[in-house]
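Computed from the coordinates by the stated procedures, all read-outs in this text should not be read as laboratory data. Just so we're clear, the structure is a prediction, and the values are computed from it rather than from any experiment. Using ideal geometry, Cβ is built from the backbone for each residue, glycine included, and neighbour counts are taken over all protein chains shown.
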Amino acid sequence: MRGFTAGSGGRTRHGQRIGPTRARAWARRLGLGAPIAAIALACLGTSAAAVIVHLPSGATISYLRVPGSKALDARASKAPVTYHGGPVMTSNTNYTLYWDPSGAPAYPAGYQAGVDRFLEDLADDSGGLQNTDSILTQYSDEEGGFANYDSHFGGSLNDSDPYPASGCKAAPICLTDAQIRNEIVAFVEAEKLPADLQHEYFLLTPPGVEGCLEESEKSCSDGTSHPGFCAYHGYIPTLSGTIVYADDPYVAGLNCDPGEQHPNENASDATIAGGLAHEHSESVTDPELSAWYDSKGEEVADKCRTFKEKTEFGEPLGVAPDGADYNELINGDEYWYQQMWSNQTSACEQREAQLPTISKLSPKSGSESGHTSVTITGTGFAGATSVHFGALPAIELLENSPTSITAITPPQLPGTVEVTVTTSSGTSAPSKKARFKYK
């Protein structure tokens, strides 16, 4: 927290109460009554494609078409994302912004703490190779900056301003993107928070508070009568700087929820997997929607939003105590969310591509006639395509896990050979621990 607490009908800052009327006046005084923004969406559906388009409102969005719209396949394209001249976020300090006025629907128990913990975990593991943030570091801009895994948690913010009159009719409480942008600008300006390309604000509304991009209701959040998106990110240029933001409506139990894969047994799992991790990664690599995307307008997360578990989430790392799968272990906490696109490997990945390594063979020797079952222990074995004993491939290959493979040796003349494992990332290097003796 940055010293912010909620008061009924307004905000308090450093002990000074700021009412909603005065807070919005800050924005109007700066000419920000209807700020221009660009946004990108992570949408729901089973057959879709994300593209960057311009809306009549002046906003630029990247959306994922719902089923039945031109019947496009949802699958990871092998086309790379290319650079278009815009900036990346060389570091990212993330804030959660909970819009929670008096009388609003309640957030479920533990929900806010669960979302905050995810961003705290990213900060604690910052700089490592443990999760999808490490993949983003390959993307740079014309100023020489890289999308470094330099993540920080700025704090949890509470906005107690009442909701404005619904700007759309697709839900009882329905906010347009213009209303959301106006509120974010008012809050950031009133609280004197940073407005630059190193900070991002994730707006998280409680169950039943929905949104549409525009009054026309052509694309709305998952809980409305016109579901079209799970979450979106964008930026707002203001007189004091640029505000990077994401809108993450509540999605637990809806189409955007990955269902049974809630490793923390909390509704926050649905928000993280159903949009927040997606928008975080796209904001880091494309904060102004002018940096990294492919020929179809798909950003690094869009390209891996395939709605097919194998290609979207990759291989599980393990099973959580509640029986759910997890594919990310960040600061000791378990998560399940989508992979991100890597130009380096031309594939969707869970973390920065690493060559497989072998740390142990059991047994270390076998008959020259072959057919010895050898357990190979190491790292980076996910998606292994082959195991070789010297120049000869194994007779049979069983991938047990990302850290263990069982292979059946081929016949070979007596002597010692190098054992190697090959994945899409490459082939393991020779080592003393990877030598097998035929006798």
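Phi angles of region 267-272 translate, via the Karplus equation with coefficients 6.51, -1.76, 1.60 and θ = phi - 60°, into HN-Hα couplings of 4, 4, 4, 5, 5, 5 Hz per residue; Gly and Pro are given as x.
Net charge near TYR98: determine it from the other residues with C-beta under 10 Å of the C-beta of TYR98, scoring Lys and Arg +1 and Asp and Glu -1.
Working: positive: none; negative: ASP100, ASP116, ASP159.
It works out to a net charge of -3.
Near the amide H of TYR232, within less than 5 Å, lie the amide hydrogens of ALA42, ASP247, all on another chain or at least 5 residues away, with H placed in the peptide plane.
Coupling constants for region 246-260 follow from the phi torsions by the Karplus curve (6.51 cos²θ - 1.76 cosθ + 1.60, θ = phi - 60°), and in residue order they are 9, 9, 10, x, 5, 10, 4, x, 9, 4, 6, 6, x, x, 6 Hz; glycine and proline get x. Straightening the chain between SER225 and LEU397 buys 57.0 nm, computed as 0.36 nm per residue apart minus the Cα-Cα spacing.
Please identify the trypsin sites (Lys or Arg not before Pro) of region 148-256 that satisfy two criteria: DSSP loop assignment and at most 12 other Cβ atoms within 10 Å. Which are they?
Numbers: sites: LYS169, ARG181, LYS192, LYS218; in loops: LYS169, LYS192, LYS218.
Those satisfying the criteria are LYS192.
I'd like the FRET efficiency for ALA165 and ALA79, computed as 1/(1 + (r/R0)^6) with the beta carbon distance as r and R0 of 35 Å, rounded to 0.05.
Details: r = 44 Å, r/R0 = 1.25.
My answer for the efficiency is 0.20.
Using the Cα gyration tensor of region 126-264, with a ≥ b ≥ c the square roots of its eigenvalues, what is the shape: rounded (a/c below 1.5), prolate (a/b larger than b/c) or oblate (neither)? Here region 126-264 falls in the oblate category. Neighbours of GLY127 by Cβ distance under 11 Å: Lys/Arg scored +1, Asp/Glu scored -1, total -4.
Take the residue pairs LYS360/LYS439; LYS310/LYS364; LYS78/LYS310; LYS218/LYS296 and return only those whose Cα atoms are more than 24 Å apart. If you can, show how the numbers build up before the last one.
Values: LYS360/LYS439 19 Å; LYS310/LYS364 33 Å; LYS78/LYS310 16 Å; LYS218/LYS296 21 Å.
Distance filter (> 24 Å) returns LYS310/LYS364.
For region 378-389, the Karplus equation 6.51 cos²θ - 1.76 cosθ + 1.60, evaluated at θ = phi - 60°, returns couplings of x, 9, x, 8, 4, x, 4, 9, 6, 10, 10, 9 Hz by residue, with Gly and Pro reported as x.
Residues whose amide H comes within less than 5 Å of that of ASP159, counting only those at least five positions distant or on another chain, are TYR98, TRP99, ASP100 (H built at 1.01 Å from N in the peptide plane). Remark: region 332-439 carries a charge dipole of roughly 600 debye about the Cα centre, counting +1 on each Lys and Arg Cβ and -1 on each Asp and Glu Cβ. Between LYS360 and THR406, the contour length at 0.36 nm per residue exceeds the alpha carbon distance by 15.4 nm.
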